[in-house]
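K.L.:
Just passing along the structure, written as structure tokens.
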Amino acid sequence: AQSVTQPDIHITVSEGASLELRCNYSYGATPYLFWYVQSPGQGLQLLLKYFSGDTLVQGIKGFEAEFKRSQSSFNLRKPSVHWSDAAEYFCAVVAFSGGYNKLIFGAGTRLAVHP
Amino acid sequence: DVKVTQSSRYLVKRTGEKVFLECVQDMDHENMFWYRQDPGLGLRLIYFSYDVKMKEKGDIPEGYSVSREKKERFSLILESASTNQTSMYLCASSTEHRNYNEQFFGPGTRLTVL
């Protein structure tokens with residue numbers, strides 16, 4: 001069965017520091033992968049997605065992610081974190097089952113940013 | 001912009017009550033979804049719908065039902081609320097499913113069952 005693992009439950013970084021959030025997936029074929037962000041009291045917003053092609057994808061708010069098939073990973077990065085990036089981040093993979101597509105989410109990583 | 005709205009941000013109910021959570025989207029999306037979000041578990045799919053009056057069970061449908069009488073509205077029903085249904089409930093919508101498209105999420109309803 002498809003699954004997504006986000007190994008880090010909480011991460012704290014200083015403002016201006018670089019950031020990498022880890023995501024590993026389990027899927028037999030080429031996956032469709034997503035990163036979503038959830039700010040406090042808000043719904044989820046799409047940061048970026050990977051369907052095929054260039055393995056380095058750019059997203060909104062200065063985020064990027066790299067798909068590495070050999071490592072089954074899709075890590076999210078940002079070169080310089082801003083205080084407004086404090087939020088919870090979810091990695092997700094599309095699962096195809098019974099003719100329908102579903103999103104399988106990881107448990108999330110909560111990011112705290114120190115001034 | 002796509003807008004997905006949920007009827008309540010916070011809701012407190014008692015055990016055994018029938019609870020309705022409403023979700024409305026304004027972009028004529030075919031697909032709608034209900035998730036629950038719990039710490040350490042991420043989002044888990046309860047039910048989804050790819051058309052009016054159509055519904056499919058997700059990964060955790062037990063204790064829930066849904067209704068989709070109109071394309072823009074998708075309701076989640078807790079027939080007899082229990083304390084283990086205390087959670088954050090998120091609704092989402094997207095365009096047709098065969099070429100997968102982004103899901104747009106509502107702000108969520110935090111339900112407490114006492």
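K.L.:
Could you list, in sequence order, all residues of the range B:41-55 that are open to solvent by less than 60 Å² (accessible area, probe 1.4 Å) and facing another protein chain (nearest Cβ under 8 Å)?
P.N.:
B:G42, B:L43, B:L45, B:F48, B:Y50
K.L.:
Can I ask one more? Can you find a residue that is within 26 Å of B:G108 (Cβ to Cβ), away from chain B (no Cβ under 11 Å) and surrounded by fewer than 17 Cβ atoms within 10 Å (Cβ to Cβ) anywhere in the range A:66-82?
P.N.:
yes
K.L.:
Taking B:G58 as the residue in question, decide whether it is open to solvent by less than 10 Å² (accessible area, probe 1.4 Å) and at the interface with chain A (Cβ under 10 Å from one of its Cβ atoms).
P.N.:
Taking the combined requirement at face value, the residue does not satisfy it.
K.L.:
Just a yes or no: is a residue in the range A:87-97 open to solvent by 10 Å² or more (accessible area, probe 1.4 Å), assigned to a loop (DSSP other than H, G, I, E, B) and out of contact with any Lys or Arg (no Cβ under 7 Å at 6 or more places or on another chain)?
P.N.:
No; the residues of the range A:87-97 include none that is open to solvent by 10 Å² or more (accessible area, probe 1.4 Å), assigned to a loop (DSSP other than H, G, I, E, B) and out of contact with any Lys or Arg (no Cβ under 7 Å at 6 or more places or on another chain).
K.L.:
Does A:V57 fit the bill of being in a strand (DSSP E or B), modelled with pLDDT of 95 or more and more than 10 Å from the chain's Cα centre (by Cα)?
P.N.:
Taking the combined requirement at face value, the residue satisfies it.
K.L.:
In addition: Return a yes/no flag: does the range A:24-38 have any residue that is small (G, A, S) and within 19 Å of B:S94 (Cα to Cα).
P.N.:
No, the range A:24-38 contains no residue that is small (G, A, S) and within 19 Å of B:S94 (Cα to Cα).
K.L.:
Only one residue in B:E17, B:E72 is in contact with a strand residue (DSSP E or B) (Cβ under 6 Å, 6 or more places away or on another chain), away from every other protein chain (no Cβ under 12 Å), touching a residue at least 12 places away in the same chain (Cβ under 8 Å) and open to solvent by 60 Å² or more (accessible area, probe 1.4 Å). Which one?
P.N.:
That would be B:E72, the only listed residue that is in contact with a strand residue (DSSP E or B) (Cβ under 6 Å, 6 or more places away or on another chain), away from every other protein chain (no Cβ under 12 Å), touching a residue at least 12 places away in the same chain (Cβ under 8 Å) and open to solvent by 60 Å² or more (accessible area, probe 1.4 Å).
K.L.:
Within the range A:5-16, does at least one residue satisfy the condition of being within 14 Å of chain B (Cβ to nearest Cβ), touching a residue at least 40 places away in the same chain (Cβ under 8 Å) and open to solvent by less than 40 Å² (accessible area, probe 1.4 Å)?
P.N.:
Checked the range A:5-16: at least one residue is within 14 Å of chain B (Cβ to nearest Cβ), touching a residue at least 40 places away in the same chain (Cβ under 8 Å) and open to solvent by less than 40 Å² (accessible area, probe 1.4 Å).
K.L.:
Failed condition for A:Y50, given (1) open to solvent by 60 Å² or more (accessible area, probe 1.4 Å); (2) among the aromatic types (F, W, Y); (3) touching a Leu at 6+ places or on another chain (Cβ under 9 Å), with all others met?
P.N.:
The one condition A:Y50 does not meet is (1).
K.L.:
Conditions: (1) more than 14 Å from every other protein chain (Cβ to nearest Cβ); (2) touching a Pro at 6+ places or on another chain (Cβ under 9 Å). B:T86 meets all but one. Number of the miss?
P.N.:
(2)
K.L.:
Within the range A:53-65, identify whether any single residue is surrounded by 12 or more Cβ atoms within 10 Å (Cβ to Cβ), within 14 Å of chain B (Cβ to nearest Cβ) and not aliphatic (A, V, I, L, M), and answer yes or no.
P.N.:
Checked the range A:53-65: at least one residue is surrounded by 12 or more Cβ atoms within 10 Å (Cβ to Cβ), within 14 Å of chain B (Cβ to nearest Cβ) and not aliphatic (A, V, I, L, M).
K.L.:
Still on this structure, I have one more. Looking only at the range A:17-29, filter to residues that are within 29 Å of B:R110 (Cα to Cα) and in a loop (DSSP other than H, G, I, E, B); which one of those is most open to solvent (accessible area, probe 1.4 Å)?
P.N.:
That would be A:R22.
K.L.:
Now for a different question. State yes or no: is A:Y32 under 30 Å from B:C23 (Cβ atoms), open to solvent by 20 Å² or more (accessible area, probe 1.4 Å) and within 15 Å of the chain's Cα centre (by Cα)?
P.N.:
Spelling it out, A:Y32 is indeed under 30 Å from B:C23 (Cβ atoms), open to solvent by 20 Å² or more (accessible area, probe 1.4 Å) and within 15 Å of the chain's Cα centre (by Cα).
K.L.:
List, please: which pairs have Cβ atoms under 9 Å, are six or more places apart or on different chains, and start with a residue in the range B:100-111 that is among the polar types (S, T, N, Q) and end with one that is not in a strand (DSSP E or B)?
P.N.:
Note: pairs meeting the criteria are B:N101/B:H29; B:N101/B:T95; B:T109/B:S7; B:T109/B:S8; B:T109/B:R9.
K.L.:
Something else now. Condition first: within 11 Å of chain B (Cβ to nearest Cβ), in contact (Cβ under 8 Å) with a residue 40 or more places away in the chain and among the charged types (D, E, K, R). Can you find one or more residues in the range A:30-52 that meet it?
P.N.:
Looking through the range A:30-52, none of the residues is within 11 Å of chain B (Cβ to nearest Cβ), in contact (Cβ under 8 Å) with a residue 40 or more places away in the chain and among the charged types (D, E, K, R).
The values are calculated or read from the model by the stated rules, or taken from the named source; none is laboratory data. Computed from a predicted structure; not experimentally measured. Methodologically, a virtual Cβ is constructed for each residue, glycine included, from the backbone with ideal geometry; neighbour enumeration extends over all protein chains shown. What goes into the accessible areas is simple: the full protein's heavy atoms, side chains included, and nothing from ligands, DNA or RNA. Shrake-Rupley method; radii C 1.70, N 1.55, O 1.52, S 1.80 Å.
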